[in-house]
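Some notes on the structure that comes next.
The values are calculated or read from the model by the stated rules, or taken from the named source; none is laboratory data. Not measured: the values here are computed from a predicted model. Cβ placement follows ideal geometry from the backbone for every residue including glycine, while neighbour counts extend to all protein chains displayed. Ligands, DNA and RNA are excluded from the accessible area calculation, which covers all protein heavy atoms including side chains. Shrake-Rupley method; radii C 1.70, N 1.55, O 1.52, S 1.80 Å.
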Amino acid sequence: ALGDITKDPSYFEKALEISKGRFSDAYVALGKYNFDKGELQTAFDYFKKALKIRPLMPQIWFNLGTVSMQLNDWEMALNAFTEVVQQEPETGDAWANVAAVHMHNKHPAEAYPALMESLKYSRHNWRVWISKLYTCIDLGKYDEAVQACGVLMDLRSKKNMAEKIPPLEEKCVKAIVGGALKQRANCQNDPAALQSSARSLTRVHDLLEKLSSTTSPEPWIWETLAVFNEQVGNDRDVFDNLMKEYRALQTVPNWEKDEFQVQKVSEVAFQIARFHKQEGSRQSLAKCKLLVSGIIKKVQKVYLDDSNIPGSVGKLEKLLEELEGLLKESA
């Protein structure tokens, strides 16, 4: 008790001396004391000694697992958190940590059931939903990945901003879209699988639409929608998606000075031009010419030395010449 009050470890050491090393609470107290000081290996050793005397202490197993993760002892971490869920199966955080160890070890199939258990008891834990999202993508469970995205978006809209729930990552959404499209391509000769894939693609489309309806959607969302709609044959929506991507890219601050952003704008301009050229009318070609020439002028305005202008601008100049030629032909 004096050790707890004074935070003096000598009292715990004295208790161990008197008990001849059989007082587990003293080992626990010394473990916590050293953990708080950042002496992780020492804390690890004390927690192990406490558990050797009294193994039915789930919280101390949890502490041991936490220290083990910080020491990169992933095998011990897995053993420790497994002990926790065996002794107290409703500990959602322990299940999440079991999953985290499996994810670190690149074992998504083992992480998945642990995440499902964790979500039984921690339904609103956004960190667990993010782990489930990653794991489902790794396992090709794209329907469940879409569900995880929807939950994360809902949690982000409802939770206090202090929780700092991150927005969905571009790489995750694109992985879901690409994976779902690939699954459809691989089941063309299986009617049942094709029907299931069609339902999955509907869910993916709904997710993209939900993302695009948020305030000021990022350009990559429109880019992904354009790719998706083109792949599933929604050609009438592709042009609209591309135009919205183009407008979103134009809102990026100082995009004209960023070579990567100039490249992105140029790529979208070429895709938009493809549609205008297919349409072929003089009005459509004139609109495209105005768009392309506008991009070129904006970029040229911020580069005093023509030799430093991004190479993509030269390609746009060739496209502009082509459009001018087509306009002359249509006159």
Item to check | Hey, SER68 among the hydroxyl-bearing types (Ser, Thr, Tyr), out of contact with any Leu (no Cβ under 8 Å at 6 or more places or on another chain), in a helix (DSSP H, G or I) and within 24 Å of LEU40 (Cβ to Cβ) or not | outcome: yes
Next on the checklist: Consider the range 175-205. How many of its residues are open to solvent by less than 90 Å² (accessible area, probe 1.4 Å) and in contact (Cβ under 8 Å) with a residue 60 or more places away in the chain?
Outcome noted: 1
Checklist entry - Scanning for something part of a loop (DSSP other than H, G, I, E, B) and polar (S, T, N, Q), does the range 266-280 turn up at least one residue? => result no
Next on the checklist: I need the full set of residues from the range 36-78 which are closer than 25 Å to GLY92 by Cα and open to solvent by 70 Å² or more (accessible area, probe 1.4 Å), in order please.
Outcome noted: ASP36, LYS48, LYS52, ARG54, LEU56, GLN59, GLN70, ASN72, GLU75
Checklist entry - Looking only at the range 179-200, which residues are more than 21 Å from TRP129 (Cβ to Cβ) and either among the small types (Gly, Ala, Ser) or in contact with a helix residue (DSSP H, G or I) (Cβ under 6 Å, 6 or more places away or on another chain) (or both)? => result LEU181, GLN183, ARG184, ALA185, CYS187, ALA192, ALA193, SER196, SER197, ALA198
Checklist entry - Taking the range 290-299, which residues are open to solvent by less than 70 Å² (accessible area, probe 1.4 Å) and free of Cβ contacts under 8 Å to residues at least 40 places away in the same chain? => result VAL292, SER293, GLY294, ILE295, ILE296
Item to check | Criterion violated by LYS106 - all others in (1) in a loop (DSSP other than H, G, I, E, B); (2) in contact with a helix residue (DSSP H, G or I) (Cβ under 8 Å, 6 or more places away or on another chain) satisfied | outcome: (2)
Checklist entry - Which of the residues that make up the range 33-70 are closer than 12 Å to VAL84 by Cα and within 31 Å of the chain's Cα centre (by Cα)? => result GLN59, TRP61, PHE62, ASN63, LEU64, GLY65, THR66
Item to check | Complete set of residues in the range 268-283 that are open to solvent by 70 Å² or more (accessible area, probe 1.4 Å) and more than 20 Å from GLU230 (Cβ to Cβ) | outcome: ARG282, GLN283
Next on the checklist: With the requirement that a residue be in contact (Cβ under 8 Å) with a residue 24 or more places away in the chain and closer than 18 Å to SER213 by Cβ, what does the range 152-164 give you?
Outcome noted: LEU152, MET153, LEU155, ARG156
Checklist entry - Where in the range 155-237 are there helices (runs of 4 or more DSSP H), lying fully within it, with 1 or more residues that are at pLDDT 95 or above and among the aromatic types (Phe, Trp, Tyr)? => result 219-232
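For (1) more than 22 Å from TRP220 (Cα to Cα); (2) surrounded by 19 or more Cβ atoms within 10 Å (Cβ to Cβ); (3) out of contact with any helix residue (DSSP H, G or I) (no Cβ under 6 Å at 6 or more places or on another chain), each residue gets a yes or a no:
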{"residue": "GLN250", "(1), (2), (3)": "no, no, yes"}
{"residue": "PHE260", "(1), (2), (3)": "no, no, yes"}
{"residue": "LEU285", "(1), (2), (3)": "yes, yes, no"}
{"residue": "LEU323", "(1), (2), (3)": "yes, yes, no"}
{"residue": "SER330", "(1), (2), (3)": "yes, no, no"}
Next on the checklist: Quick check on ASP143: is it closer than 26 Å to HIS205 by Cβ, among the charged types (D, E, K, R) and in contact (Cβ under 8 Å) with a residue 60 or more places away in the chain?
Outcome noted: yes
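Of the residues ALA111, ALA100, ALA80, ALA29, which is at pLDDT below 95 and out of contact with any strand residue (DSSP E or B) (no Cβ under 9 Å at 6 or more places or on another chain)?
Working: ALA111 fails: at pLDDT below 95; ALA100 fails: at pLDDT below 95; ALA80 fails: at pLDDT below 95.
Testing whether each residue is at pLDDT below 95 and out of contact with any strand residue (DSSP E or B) (no Cβ under 9 Å at 6 or more places or on another chain) leaves just ALA29.
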